[in-house]
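J.: Quick one: this structure, given as structure tokens, is what I'll be asking you about.
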2 protein chains.
Amino acid sequence: MKGVAHQKWWGWGVEGVAFNYRDKPRMAPFVMDKVGIDLSAPGTPPPAFEELDVPASRLGEELAATLGSAVGAEHVVTEDLDRVVHTYGKGLADLVRVRAGDLPRVPDVVVYPADEDEVRKVVDAVVAADGVLIPFGGGSNISGSLTPPPAEERTVVSLDLGRLNRVLEVDEAAGLARIQAGVLGPDMEEQLNARGWTMGHQPDSFRHSTLGGWIATRSSGMQSDKYGDIADITRGLRLVQPGKVVVLRPLPSTSSGPSVREMILGSEGRLGVITEAWVHVHRVPENRDIIAYLYPSWSAALAAMQEISTSDAHPTVTRVSDANETAFSFSTQKAKKGVSGKVQTVLFDVLARRGWDLDAVCLSYVGYEGGSARVKAEKSIVGKIVKKHGGIKLGRGPGALYDQKKFDTPYIRDFLLDIGAMGDVSETAAPWSKLMDVYTGTIRSAREAFDQLGVQGFIMCHLSHSYHSGACLYFTFAFAPGVEPVDEQLERYWVVKRAIQQSFIDTGATISHHHGVGTDHAHWLEEDISSAGTDVMVALLRGVDPGRNLNPGTLLPAHREW
Amino acid sequence: MKGVAHQKWWGWGVEGVAFNYRDKPRMAPFVMDKVGIDLSAPGTPPPAFEELDVPASRLGEELAATLGSAVGAEHVVTEDLDRVVHTYGKGLADLVRVRAGDLPRVPDVVVYPADEDEVRKVVDAVVAADGVLIPFGGGSNISGSLTPPPAEERTVVSLDLGRLNRVLEVDEAAGLARIQAGVLGPDMEEQLNARGWTMGHQPDSFRHSTLGGWIATRSSGMQSDKYGDIADITRGLRLVQPGKVVVLRPLPSTSSGPSVREMILGSEGRLGVITEAWVHVHRVPENRDIIAYLYPSWSAALAAMQEISTSDAHPTVTRVSDANETAFSFSTQKAKKGVSGKVQTVLFDVLARRGWDLDAVCLSYVGYEGGSARVKAEKSIVGKIVKKHGGIKLGRGPGALYDQKKFDTPYIRDFLLDIGAMGDVSETAAPWSKLMDVYTGTIRSAREAFDQLGVQGFIMCHLSHSYHSGACLYFTFAFAPGVEPVDEQLERYWVVKRAIQQSFIDTGATISHHHGVGTDHAHWLEEDISSAGTDVMVALLRGVDPGRNLNPGTLLPAHREW
């Protein structure tokens, strides 16, 4: 669709951008050693799109005509490429399946409305025709929220919000902006920055995700310590439902009963289509610095992170990698940048002489923003806490590099898939008192899953998003499934993914801190919010959408659908 | 009921504590001048309880027996005094009606369960008998959330949580505590303080309200700038529903779909009975200071408050009174305390020489907590902002006095009722950009209502609870209705109250920032969260409680009940 940017149909991001290990001399040996994968092995690129066997659209003429009169015929698209792009998000299973041409149910049509009025017409037309409507933003979802139920017999309509991409209004006196839901992160920030404002929301998916998607999945950005989760940032919104629009005006706080705003947040399309939101915006900060630190151990790092979170410093980013992620991170440095090989060797010699266990070193980034006096005072507070827990400051260089490269990581997955390996993520949140149990339990569960499969496997973790009472732990894992058939590969993937998610639940953590529920995490919903809590959610969803026309199948485990 | 503290059946607080104007030499002249009320007029105290004509309990033998076996017969109380105490909250209309013996529907029985298990049995028994269940905490509600619908034919059971009053657990490593819902503010803080912790939640009702009540009505305390609203503080909870319990574990943040936690927050008994919660707790701060400041005008004060809210200072309390509330506040100082008459005279002479309009002066309190360095730095930041907006620092004395007396204000209402006058409050929240419109609109609407009634009337306001994008405005109004019949008095009261609430809605503010919806504010719900937003709330409430057994009548306007 002209004018609306889409990611690659088979992978993350845009055509022409890919991960390259060859300029990172230490990476291939590291991956061979830790994961048992040969990065230089001949890869199998994704097939040509023409090789896919795309099921024909089942869009009927009547609905096609209604949609055409709603948004203009040129914005009602049944081309195979558009439909395949709108079939999956970018979860590991999504990528494996789309590369294999596994397309059990593809949307019958993609519509691109221009504004809320057109969205209303589309929603009304689809529900009147008893079709299924799936809202689509940047398509970066990795929890299975975008995929039509395989057995869906009704017409499936993907509603792409990409043309609703404008910052409509900045209320400078209140630090609020009214923004259309389909805008992508960079486009939104460009419009805000031009007026001197920023939203400060930077999820890993930033370049390829939208405001509406963030709200619909309860996103959180890496600067959430300062700017808040999207649930905090979103103060008002508009949600199109069949025949009507929920309008929530921007309010700093209210006691108007159960929060309808907080029902729409995380609703993943099941309550309607978010068309715009009032969000917090902030003046672009005078100074912005990310400083790198090293800790001698994961437990020291966690203790320091908690102390920072309750200190008088209010950093924007608090992040620390475990030993595995730290080692991986060092291995992916280019020769001349970051903590380069030579510098690292010298540094590690010094640390070894100080008695550090070099296999236990943990790399941390802390971000600071604001006036010079504030940044200086905060760095001083954090510096003392780092020192108290035996850590040292590395400085600004590696922090700046992290800041530049922070959105590039997802490209690695596609590269790994080329060479027959799987990399994916699972993240969660828990109280500080449980984080070490969550961490060790998850590592153990993943290792047991790897052992069960007879693969080497690798898992690493970082802490980010600190709160008063806890934080997010973000795990990345990789392994070579060692089997050819896609179904078997995915079975093996699910053995590991399931072990990790179950471990979250068993150790008191949640199914997801900021990736949402989708279909991938729905299995654990009842264990997370209790069976009776799930009843409450079902009451809400069923009451609003008795006919299951609005993105059915996401959020709830199958046996809780009505 | 032995062991459970109740407020006076006819008014605020405990027997033996009352408001006294005689030790405040400037108050009577001020009130005569501004409100036209003679404080020294002979008062009519509330009647003796024995004079009331209390409708007999309709509790049937079968349900009585079931309740008795659930909680013990001695905890199933049908005494008139208990039943009347549980008939009303402490809103102005509640007080007027109970003093007049206006008791159209009194709960048939009050039950006092000892723990969650007994709560479950009570809930199951009441719903099985198709009765109506009204949870009751401290009884301080002022929005009409506690009163049985006048025409309710079914058995009405008031479930008093007063025996669930313990801090069960403090998770020191996470800054979380598990606390029973029926505990009163001071009792809870005493238990927490004994372990070195505080929740920091201080609503005006603190002494006579409970944790469960705060959660059920979305309370906010005067220190919310630091500690958050109760919605932020509450991380996990347990909610008893017929046949089951919703269990939400404590989580710092989660993306597990629409927030069931945020559905229970503000549910005012319509989704079940909250029995306990996991809440944020903090170490009792090293230093705690409240400093008073004066501004030359309301607009200067608002501008300063907003600047403080976006500054690097993070005070605990930010509060400023308009000129009327400032004058009222000065008039209620005892001769030897606070800004005493003499000091004020000298001070005002100085300000007059500086060109201040003494009728426009606004008194502000800002609270600071933490380590000495932090408190010092924050005071310095705030001091500069105050100065920039033309304000001056008064110092610690008046601040300390405010801090001591902050929970005493509600007693004034009962004193006013004795002498035939009405005093009440309405509060709201809005974006910073709209606050001046909300303020002037509300003052104008109240004055028009006073004029319509031909009464002098008085209205004053303070700003408190600052957020990034806005703040709360809290209005207090008083007038002498000038008519004898209670119905006519209440009609006049509603003319003023309605004018104020409608003005909130018309200027972009919410129906309530922290007093909840109840029956008093339900009329404006659809205008606040939109008709379609109300549909969403109805879907939730109806789906959970199709038989309308759980506190029916609160939250929704009557025509939205099913």
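J.: Divide by every residue of chain A the summed helix terms, -39500 (n - 2.57) for each DSSP H run of at least 4, and state the resulting mean residue ellipticity at 222 nm, rounded to the nearest 500 deg cm²/dmol. Numbers along the way, then the final one.
T.: Numbers: 20 runs with 207 residues, N = 562.
Helix-only estimate at 222 nm: -11000 deg cm²/dmol.
J.: Using Cα positions and a limit of under 19 Å, work out the lysines in reach of B:LYS387, with same-chain residues fewer than 8 apart set aside.
T.: Cα-Cα hits under 19 Å: B:LYS376, B:LYS379.
J.: What FRET efficiency, computed as 1/(1 + (r/R0)^6) with R0 = 25 Å and r the Cβ-Cβ distance, is obtained for A:ASP130 and A:GLU15, rounded to the nearest 0.05?
T.: Working: r = 37 Å, r/R0 = 1.49.
Working from the Cβ atoms, E equals 0.10.
J.: Related question: Kindly state, to the nearest 0.05, the FRET efficiency for A:GLN404 paired with A:THR78, given R0 = 51 Å and r defined as their beta-carbon distance. Walk me through the numbers before you get to the answer.
T.: Numbers: r = 40 Å, r/R0 = 0.79.
Calculated value: 0.80.
J.: How much of the accessible area of the range B:1-71, in percent, comes from carbon and sulfur atoms when a 1.4 Å probe is used?
T.: Numbers: 2220 of 4120 Å².
C and S fraction of accessible area: 54 percent.
J.: Does any residue of the range B:153-178 lose at least 50 Å² of accessible area with all protein chains in place compared with its chain alone, and if so which ones (probe 1.4 Å)?
T.: Going by heavy-atom accessible area, the residues of the range B:153-178 that drop by at least 50 Å² are B:ALA173, B:ALA174.
J.: At 1.4 Å probe radius, can you tell me the per residue accessible area of chain A in Å²?
T.: Values: 19610 Å² over 562 residues.
Counting only protein heavy atoms, the per-residue value for chain A is 35 Å².
J.: Here is a further query. Accessible area lost on pairing A with B, both sides, 1.4 Å probe, Å² to nearest 100? Can you show the working numbers first?
T.: On the way: alone 22440 and 22420 Å², together 39190 Å².
About 5700 Å² of accessible surface is lost on pairing.
J.: Tell me the net charge near B:ASP225. Cut-off is 13 Å between Cβ atoms, B:ASP225 excluded, with +1 for each Lys or Arg and -1 for each Asp or Glu. Mind dumping the intermediate values first?
T.: On the way: positive: B:LYS226, B:ARG319; negative: B:ASP229, B:ASP232, B:GLU369, B:GLU378.
Computed value for this residue: -2.
J.: Then there is this: Go through the range B:29-44 residue by residue and turn each phi into a ³J(HN,Hα) via Karplus (6.51, -1.76, 1.60, θ = phi - 60°); whole Hz please, and just put x for glycine and proline.
T.: Whole-Hz 3J(HN,Hα) from phi for the range B:29-44: x, 4, 5, 4, 5, 8, 10, x, 10, 8, 5, 8, 4, x, x, 10.
J.: Could you list which residues have their amide H under 5 Å from that of B:ALA430, counting only those 5 or more apart in sequence or on another chain, with H placed in the peptide plane?
T.: Amide H to amide H, under 5 Å and 5 or more residues apart or across chains, B:ALA430 pairs with B:ALA471, B:LEU473.
J.: How many angstrom lie between the Cα centre of the range A:268-308 and the Cα centre of the range B:436-470?
T.: 39
J.: Further, regarding this structure: Label points 7 Å out from Cα along the Cβ direction at B:GLU61 and A:GLU190: separation in nm?
T.: With each label point 7 Å from Cα toward Cβ, the separation is 8.1 nm.
J.: Check A:ILE274: other-chain or 5+ apart residues with amide H under 5 Å from its amide H, H built from backbone geometry?
T.: A:VAL240
J.: While we're on this one: Give the long-range amide H neighbours of B:PHE19: residues separated by 5 or more places, or on another chain, with amide H under 5 Å away, using H modelled in the peptide plane at 1.01 Å from N.
T.: Here the answer is B:PHE415, since their amide H atoms fall under 5 Å of that of B:PHE19.
J.: Under 11 Å from the Cβ of A:PHE475, count the other residues' Cβ atoms, weight Lys and Arg +1, Asp and Glu -1, and hand me the total.
T.: Details: positive: A:LYS497; negative: A:ASP322, A:GLU325, A:ASP424, A:GLU427.
Here the charged neighbours net out to -3.
J.: What does the net charge come to around B:TRP562 if you take all other residues with beta carbon closer than 9 Å to its beta carbon, with K and R at +1 and D and E at -1? All intermediate terms of the calculation are to be shown ahead of the outcome.
T.: On the way: positive: B:ARG542, B:ARG548, B:ARG560; negative: B:GLU561.
So the environment of B:TRP562 carries a net charge of +2.
J.: Can you return the lysines within cross-link range of A:LYS90? Criterion is Cα-Cα under 24 Å, with same-chain partners fewer than 8 residues away left out.
T.: A:LYS2, A:LYS8, A:LYS405, A:LYS406, A:LYS497
J.: While we're looking at this one, here's another question. Note down the nm distance, to one decimal, between modelled labels 7 Å out along Cα→Cβ at A:GLU172 and at A:ALA100.
T.: Once both label points are built, they end up 5.6 nm from each other.
J.: Right, something else. Can you work out the FRET efficiency for the pair B:GLU527 and A:ASP487, with r the C-beta to C-beta distance and R0 = 51 Å, to the nearest 0.05?
T.: E(calc), rounded to 0.05, equals 0.40.
J.: Another question, if that's okay. Need one number: nm distance between label points at B:LYS393 and B:ALA151, each 7 Å from Cα along Cα→Cβ, rounded to one decimal.
T.: With each label placed 7 Å out from Cα toward Cβ, I get 6.1 nm.
J.: Which longest run of chain B has no exposed loop site in it, a site being GluC sites (Glu not before Pro) in a DSSP loop with at most 15 other beta carbons within 10 Å, and the site itself not part of the run?
T.: Formally, the longest exposed-site-free interval is B:287-560.
J.: I've got another one for you. Pull up the cross-link candidates among the lysines for B:LYS342, meaning alpha carbon to alpha carbon under 16 Å and not fewer than 8 places away within one chain.
T.: Within the straight-line limit of under 16 Å, B:LYS342 reaches these lysines: B:LYS24, B:LYS334.
J.: Within chain A, what is the longest stretch that has no trypsin sites (Lys or Arg not before Pro) placed in a DSSP loop and near at most 10 other beta-carbon atoms within 10 Å?
T.: Values: sites that count: A:LYS2, A:ARG22, A:LYS336, A:ARG354.
My reading of the result: A:23-335 is the longest stretch.
J.: Each residue of the range B:488-501 in order: what ³J(HN,Hα) in whole Hz does its phi give by Karplus 6.51 cos²θ - 1.76 cosθ + 1.60, θ = phi - 60°, with x for Gly and Pro?
T.: 5, 4, 5, 4, 5, 4, 5, 4, 6, 4, 5, 4, 5, 4
J.: I've got another one for you. Quick check: at a probe of 1.4 Å, how many percent of the accessible area of the range B:247-290 sits on carbon and sulfur atoms?
T.: Working: 520 of 1040 Å².
Summing carbon and sulfur atoms, their accessible area is 50 percent of the total for the range B:247-290.
J.: I've got another one for you. Ordered by residue, what ³J(HN,Hα) values in Hz, to whole numbers, does the range B:430-445 give under the Karplus form 6.51 cos²θ - 1.76 cosθ + 1.60, where θ = phi - 60° and Gly and Pro are x?
T.: Each residue of the range B:430-445 in turn: 7, x, 3, 5, 10, 4, 5, 5, 4, 4, 5, x, 6, 4, 4, 4 Hz.
The values are calculated or read from the model by the stated rules, or taken from the named source; none is laboratory data. All values reported here derive from a predicted model rather than from experimental measurement. Cβ coordinates were reconstructed from backbone atoms using ideal geometry, including for glycine residues, and neighbour counts include every protein chain displayed. Accessible surface is based on the protein model in full, side chains and every heavy atom, while ligands, DNA and RNA are left aside. Shrake-Rupley method; radii C 1.70, N 1.55, O 1.52, S 1.80 Å.
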